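The values are calculated or read from the model by the stated rules, or taken from the named source; none is laboratory data. Note that the coordinates shown come from a computational prediction; the quantities given were computed from them, not determined experimentally. In this analysis, Cβ positions are derived from the backbone assuming ideal geometry, glycine residues included, and neighbour counts consider all displayed protein chains.
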Amino acid sequence: MSEKQRGKASILFPEPPLVLAAASVVGKKEGEGPLREYFDRIEMDPMLGKKTWEEAESELQTRTTNLVIEKSGLKKEEIRYYFGGDLLAQLIATSFGIMDLEFPMFGIYGACSTMGEAMGLGSMVVEGGFADHVIVTASSHFASAEKQFRFPLEYGNQRPYSATWTVCGCGSVILSKNKGQKRIGGKKPLAKVAGMTTGKIVDMQFKDSMNMGAAMAMAALDTILVNFRDLGVDENYYDKIITGDLGQVGKRLLLDYLVKAGHDIESRYMDCGIEIFDEATQDTHAGGSGCGCSASVLCAYILPKIRDGVWKRVLFLPTGALLSTVSFNEGKSVPGIAHAVILEKPDLQS
């Protein structure tokens, strides 16, 4: 087994890739939430000047990708690969969104866990010496997701309290080769990707598509426990353990089952879907969800906290529900998956 491999599903990088820059662009509702001051841009027009919801989400990716390149100080030509994904069939938000940028591209689908999966793959490529700089991006849009997975907005369907609200948002990071430098192109890195734990599909035979938190909670539980076992650590190893979009229902399930497994993480736990909306004033029920939920919160809020040393080591754990309109209409269950990335302060000695 390589020195990089740990246990069943984890990797520790001898030369951790650096998160050189991050950008976040969100919609009006997200911009009215508790994290409003942290986002780079808040788009007041949900259509982003386009004719369809799908085109709007593509434009969201275009704007966020251009912004992260601008913030990095790199030239577009210095970026070798693009890792990106969204929730739409055949990743059309991503493919149409970055087509004109002409990056060699890896399209990634992990449902709402896409940002974690893409960061893990991008980090392996950079640390393995196959690229000096790559972009990782994930997006979602409330209206395009509702149109594909549930009902057109004009239908005005009722939403149960267990339902989450798909975030209109996009997050993008640039991962760069770690050559021992404290700055790259004059920029101080936000964090380093110290390692990762790849999740497996966990199917609890759950069939309620309006309760994604419950469908994904056991996948998050499995990945956290595998991470602890593979690395020989426990919850005290991390300053924060952050899931992507379990929401209020999934949060409670995860924390309760972790206690049964001997791990109390509540004091250091956070969920991006809970943080992005205000439960008291915004009608989002169980919280936020979607690829863009964890991606935008990561880029706007989590990475700056790591850079500034507020949190020195974070387990970032986006969660995904692996369903489609076809599988759901055929009576299939909703399996879950969760991919973990270990983020550390750039100058932290492992």
**Message:** Looking only at segment 196-238, filter to residues that are of a type in the set (Val, Ile, Thr) and not in a loop (DSSP other than H, G, I, E, B); which one of those is nearest to Phe149 (Cα to Cα)?
**Reply:** Val202
**Request:** May I ask you to list the residues in segment 223-242 that are surrounded by fewer than 20 Cβ atoms within 10 Å (Cβ to Cβ) and out of contact with any helix residue (DSSP H, G or I) (no Cβ under 9 Å at 6 or more places or on another chain)?
**Result:** Arg229, Asp230, Gly232
**Candidate set from segment 185-195 (those that are over 18 Å from the mean Cα position of the chain (by Cα) and modelled with pLDDT of 65 or more); member that is nearest to Val134 (Cα to Cα)** = Pro189
**Prompt:** Among the residues of segment 298-345, which ones are surrounded by fewer than 19 Cβ atoms within 10 Å (Cβ to Cβ) and in a loop (DSSP other than H, G, I, E, B)?
**Reply:** Asp308, Gly309, Val310, Lys312, Ser324, Glu330, Gly331, Lys332, Ser333
**Prompt:** Can you tell me which residues in segment 47-63 are farther than 10 Å from Ser144 by Cα and either touching a Gly at 6+ places or on another chain (Cβ under 6 Å) or in a helix (DSSP H, G or I) (or both)?
**Reply:** Ser58, Glu59, Leu60, Gln61, Thr62, Arg63
**Message:** Please go through segment 291-350 and give me each residue that is farther than 22 Å from Leu254 by Cα and β-branched (Val, Ile, Thr), ordered by number.
**Reply:** Ile306, Val310, Thr325, Val326
**Message:** Scan segment 3-25 and tell me whether some residue there is assigned to a strand (DSSP E or B), surrounded by fewer than 22 Cβ atoms within 10 Å (Cβ to Cβ) and among the basic types (Lys, Arg).
**Reply:** yes
**Asked** Looking at segment 278-297, is at least one residue out of contact with any His (no Cβ under 7 Å at 6 or more places or on another chain), part of a helix (DSSP H, G or I), over 25 Å from Gly195 (Cα atoms) and of a type in the set (A, V, I, L, M, F, W, C)?
**Response** no
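Yes/no matrix, rows are residues, columns are (1) closer than 16 Å to Leu343 by Cβ; (2) of a type in the set (A, V, I, L, M):
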residue: Leu246; (1), (2): no, yes
residue: Leu253; (1), (2): no, yes
residue: Asp256; (1), (2): no, no
residue: Tyr269; (1), (2): yes, no
residue: Cys272; (1), (2): yes, no
residue: Phe277; (1), (2): no, no
residue: His285; (1), (2): no, no
residue: Gly288; (1), (2): no, no
residue: Ala300; (1), (2): yes, yes
**Asked** When you look at Gly171, is it touching a helix residue (DSSP H, G or I) at 6+ places or on another chain (Cβ under 6 Å), modelled with pLDDT of 90 or more, within 25 Å of Leu315 (Cβ to Cβ) and in a loop (DSSP other than H, G, I, E, B), yes or no?
**Response** no
**Prompt:** Residues of segment 233-274 being more than 23 Å from the chain's Cα centre (by Cα) and among the small types (Gly, Ala, Ser), which ones?
**Reply:** Ala261, Gly262
**Prompt:** So, of the residues in segment 241-261 that are in contact (Cβ under 8 Å) with a residue 60 or more places away in the chain and in a helix (DSSP H, G or I), which turns out to be nearest to Gly171 (Cα to Cα)?
**Reply:** Gly247
**Message:** Checking Met270 against (1) in contact (Cβ under 8 Å) with a residue 60 or more places away in the chain; (2) closer than 27 Å to Arg36 by Cα, only one condition comes out false. Which one?
**Reply:** (1)
